[in-house]
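Comments concern the structure below.
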Amino acid sequence: MLMIRTIVRPEKVQDVMQGLLDAGYPAVTKISVVGRGKQRGLRVGDVVYDELPKEMLFLVVPDADKDFVIRAIMDNAKTGDGKFGDGKIFVSAVEEVYTISSGMKESETLLEAKEA
């Protein structure tokens, strides 16, 4: 299993969440965050905004679905060709998943069955 974390512009978060839902991935966690990327924030005249608002989305998917989910995110988060500040996608391995209410340890097979 893999955890996909993506940081996107606030105005694109609903598009990304809808794209994931349409692609069959309804389970998403959303957190409001602030930060800056390689561009070091935003300069308007003499004022520098180095903490820009973004949204972070988390989801866990089977390994085989990684490319499909990344494409769904990219297709819905991008604002233009090569525009700075559209966000990032991070992919990490998930060793174990537990459901708190049942205490059940989930496997990749169970995760796939829930999403079907």
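Computed values, structure above
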quantity: Condition check for residue 19: surrounded by 13 or more Cβ atoms within 10 Å (Cβ to Cβ) and part of a loop (DSSP other than H, G, I, E, B); calculated: no
quantity: Answer residue from region 22-38, given it is in a strand (DSSP E or B) and of a type in the set (A, V, I, L, M, F, W, C) and is least open to solvent (accessible area, probe 1.4 Å) among those; calculated: 33
quantity: Residues satisfying the stated conditions in region 39-81, i.e. open to solvent by 40 Å² or more (accessible area, probe 1.4 Å) and either aromatic (Phe, Trp, Tyr) or part of a loop (DSSP other than H, G, I, E, B) (or both); calculated: 39, 40, 45, 46, 49, 50, 51, 58, 68, 78, 79, 81
quantity: Filter pass, residue 112 being open to solvent by 30 Å² or more (accessible area, probe 1.4 Å), modelled with pLDDT of 85 or more and not in a strand (DSSP E or B); calculated: no
quantity: Within region 60-96, considering residues that are hydrophobic (A, V, I, L, M, F, W, C) and in contact with a Lys or Arg (Cβ under 7 Å, 6 or more places away or on another chain), the one modelled with the lowest pLDDT; calculated: 77
quantity: Subset of region 1-14 that is open to solvent by 70 Å² or more (accessible area, probe 1.4 Å) and not polar (S, T, N, Q) - its residue that is nearest to residue 78 (Cα to Cα); calculated: 11
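Table: residues versus (1) aliphatic (A, V, I, L, M); (2) at pLDDT below 95.
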{"residue": "27", "(1), (2)": "yes, yes"}
{"residue": "37", "(1), (2)": "no, yes"}
{"residue": "52", "(1), (2)": "yes, yes"}
{"residue": "58", "(1), (2)": "no, no"}
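The values are calculated or read from the model by the stated rules, or taken from the named source; none is laboratory data. From a predicted model like this one, the values you see are computed outputs, not experimental measurements. So basically every Cβ, Gly included, is an ideal-geometry build from the backbone, and we count neighbours across all protein chains shown. Just the protein is used for accessible areas: all its heavy atoms, side chains included, with ligands, DNA and RNA removed. Shrake-Rupley method; radii C 1.70, N 1.55, O 1.52, S 1.80 Å.
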